[in-house]
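K.L.:
Could you have a look at this structure, given as structure tokens, before my questions?
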Amino acid sequence: MSMADLLKSPLIALPLKNASFGLYSAGSAISLIGMWMQRIAIGWLTWELTGSGFWLGVVAFADFFPVILIGPLAGAAADRWDRLKVVMTSQAIGLLQATALFVLTVSSHINIGLLVALTAFQGFVVAFNQPARLALVPSLVPQNDLASAVAINSIVFNLARFIGPMLAGLAIVWSGVAAAFAVNAISYIPFLLALARIRIAPARLTSAARRSIGFDLKEGIRYTATHPGIAALLVLMIALGVGGRPLNELLPGFADDVFRSGAGGLAIMASTIAAGAILGGVWLGHRAHASGLIRVALGSSLAGALAATVVVATDNLWVALPALFIFGSAMATSGIAIQTLIQLASAPDMRGRVMGLYGLIFRGAPALGALGAGILSAYVGLRWTVFFGALLVVAIWLWFFLVRKRIAAALETQGSNDTT
């Protein structure tokens, strides 16, 4: 590919031609690197404090479960309030949480109870922020660029997931987990500065008058649950979250107990998953259109389940790494495809509420999966836990495959173009 072709690619051209989206993406990338450093450090600190797969599951559950409580409410709020201000406020609160976690850790006052509590607090912040953050993207780009924008966001997220664990591993080995928490706190600042410079047309910030937030909440749930295409995509997301994502949360246990590779091995495994996810995002981003996304979602969901099975079938880290790469690529590709389809199929005035329910499943399903995986791993071990999750994904994949034409027809009716 020539330099001219590269510059014409939506992955490069969109952030360059759209200043607000470019600022958003750049600031988000820095903040997400810090977030992934903190996530890896929290997992390793949990393992150091307890040596327990159960507590890994509890901490992951504490991170994800708040979205179950406030996800739909946050989505209704995102359709009523200034989404940009919601995101800025959430980032400022996240900065305070990261600072508290650093201070408690560096002063040796941290314990598993405080770690769970701070993780849950951040989970509430993210749960309230996520619908506004997801619904903000269509306000930054024209609809024709939405598929590329979602792919770029995924690439940014997974590039951070690649870089963050590597930096976290270095920080843990050289300076301890507190250093990773400090970097995360600092990383919020560039994103806050970028958000302050973003400008959105006033017409895109103004929502229609509504009777009450309770009415909005019920209307959003009814719209999402009765939409054949969106509802089916969310069912597939639940299976991927409950059955597929727990492998990510159990990585510290696999690194230490299965592959005997310590914090360095954990960083390598997490970065390998992220590298695969980046490849998946780049591939979808270069497509620059939404055609064939149902086939993409189906194929990548099955590939992810099969790759997870390979990971648990070996004791050799170097055999597991290629499978983790495929797993990361498949999970990211299916996630981008599903989110793009849902964004395109959602009515503009319902998008915040739909994305609130999307966020509930995106974070809530892994929360339930992580808690269940942590409990199950105490009885059957890490390997069988991940294998049973992969079987769940395959079962839902088979159902989705059988009804895929009906789902495609429902999505096309709502304006998706050639989604089959």
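K.L.:
Tell me the carbon and sulfur percent of the accessible area for the chain, rounded to whole percent, probe radius 1.4 Å.
P.N.:
On the way: 11450 of 16620 Å².
Heavy-atom surface of the chain belonging to carbon and sulfur, 1.4 Å probe: 69 percent.
K.L.:
Still on this model: Want the number for residue 394 to residue 48: 0.36 nm per residue separation, take away the alpha-carbon distance, what's left? Before the final figure, lay out the partial values.
P.N.:
Details: separation 346, 0.36 × 346 = 124.56 nm, distance 3.40 nm.
Between residue 394 and residue 48, full extension yields an extra 121.2 nm.
K.L.:
Can you run the Rg to Rh ratio on the stretch 241-329? Use alpha carbon positions and the Kirkwood inverse-distance Rh. Could the numbers behind the result be given before it?
P.N.:
Numbers: Rg = 13.9 Å, Rh = 13.6 Å.
Radius of gyration relative to Kirkwood radius: 1.02.
K.L.:
Would you mind calculating the gained length between residue 401 and residue 222 on full extension (0.36 nm times residue separation, minus the Cα-Cα distance), in nm to one decimal? Walk me through the numbers before you get to the answer.
P.N.:
On the way: separation 179, 0.36 × 179 = 64.44 nm, distance 2.48 nm.
So the chain would gain 62.0 nm between residue 401 and residue 222.
K.L.:
Name the residue from 378, 305, 338 whose Cα lies farthest towards the positive end of the charge dipole of the stretch 250-395, charges +1 on Cβ of Lys and Arg and -1 on Cβ of Asp and Glu.
P.N.:
The residue sitting most towards the positive pole is 338.
K.L.:
Mind checking the per residue accessible area of the chain for me, 1.4 Å probe, whole number of Å²?
P.N.:
Values: 16620 Å² over 420 residues.
Using a 1.4 Å probe on heavy atoms only, each residue of the chain averages 40 Å².
K.L.:
How large is ³J(HN,Hα), in whole Hz, for each residue of the stretch 73-89 in order, when computed from phi with the Karplus curve 6.51 cos²θ - 1.76 cosθ + 1.60 and θ = phi - 60°, using x for Gly and Pro?
P.N.:
Ordered by residue, 3J(HN,Hα) equals 5, 5, x, 4, 5, 5, 8, 10, 9, 5, 5, 5, 5, 4, 5, 4, 4 Hz.
K.L.:
Can you work out the Karplus-derived ³J(HN,Hα) for every residue in the stretch 235-249? Use 6.51 cos²θ - 1.76 cosθ + 1.60 with θ = phi - 60°, whole Hz, and x for glycine or proline.
P.N.:
5, 4, 4, 4, 4, 5, x, 6, x, x, 5, x, 4, 4, 6
K.L.:
With θ set to phi - 60°, apply the Karplus curve 6.51 cos²θ - 1.76 cosθ + 1.60 along the stretch 314-321 and write out the HN-Hα couplings as whole Hz, x wherever there is a Gly or Pro.
P.N.:
10, 9, 9, 4, 6, 7, 5, 4
K.L.:
Test of understanding: in a Gaussian network model of the chain with alpha carbons linked when under 10 Å, which of 103, 156, 311 would top the mean-square fluctuation ranking?
P.N.:
Highest fluctuation among the options: 103.
K.L.:
Set Lys and Arg Cβ to +1 and Asp and Glu Cβ to -1, take the dipole of the chain about its Cα centre, and tell me which of 226, 184, 240 lies farthest positive.
P.N.:
Highest projection toward the positive end goes to 226.
K.L.:
Please work out the FRET efficiency for the pair residue 103 and residue 315, using the Cβ-Cβ distance as r and a Förster radius of 45 Å; give the result to the nearest 0.05. Numbers along the way, then the final one.
P.N.:
Working: r = 40 Å, r/R0 = 0.88.
That gives a FRET efficiency of 0.70.
K.L.:
Restricting to DSSP H runs of at least four residues, report the calculated mean residue ellipticity at 222 nm for the chain, -39500 (n - 2.57) per run over all residues, nearest 500 deg cm²/dmol.
P.N.:
-28000 deg cm²/dmol
K.L.:
Related question: Report the charge-dipole magnitude of the chain in Debye, nearest 20, computed about the Cα centre from +1 at each Lys and Arg Cβ and -1 at each Asp and Glu Cβ.
P.N.:
On the way: 26 positive and 15 negative charges, 200 e Å.
With only Lys, Arg, Asp and Glu charged at Cβ, the dipole is about 960 debye.
K.L.:
Arrange the residues 371, 32 by how much accessible surface each exposes, largest first, with a 1.4 angstrom probe.
P.N.:
Values: 371 50, 32 15 Å².
Accessible-area ranking of 371, 32, largest first: 371, 32.
K.L.:
Just grab the label-to-label distance for residue 192 and residue 235, each label 7 Å out from Cα along the Cβ direction, in nm (one decimal).
P.N.:
Once both label points are built, they end up 4.5 nm from each other.
K.L.:
How large is the accessible surface of residue 218 in square angstrom, using a 1.4 angstrom probe and rounding to the nearest 10?
P.N.:
Accessible area, nearest 10 Å²: 140 Å².
K.L.:
Using alpha-carbon pairs under 8 Å, 6+ residues apart, how would you state the relative contact order of the chain in percent?
P.N.:
On the way: 727 pairs, mean separation 118.3, N = 420.
Reported as a whole number, the value is 28 percent.
K.L.:
Now, a different point. How long is the gain from residue 174 to residue 114 if the chain were fully straight, where each residue apart is worth 0.36 nm and the alpha carbon distance is subtracted? Could the numbers behind the result be given before it?
P.N.:
Numbers: separation 60, 0.36 × 60 = 21.60 nm, distance 2.41 nm.
The span from residue 174 to residue 114 would gain 19.2 nm if fully extended.
K.L.:
What figure, in Å² to the nearest 10, do you get for the accessible area of residue 96 with a 1.4 Å probe and non-protein molecules left out?
P.N.:
Here the accessible area works out near 120 Å².
The values are calculated or read from the model by the stated rules, or taken from the named source; none is laboratory data. Source: prediction; values computed, not measured. Ideal geometry is used to build each Cβ from the backbone, glycine not excepted, and the neighbour counts take in all protein chains shown. Note: areas computed on protein heavy atoms with side chains; ligands, DNA, RNA excluded. Shrake-Rupley method; radii C 1.70, N 1.55, O 1.52, S 1.80 Å.
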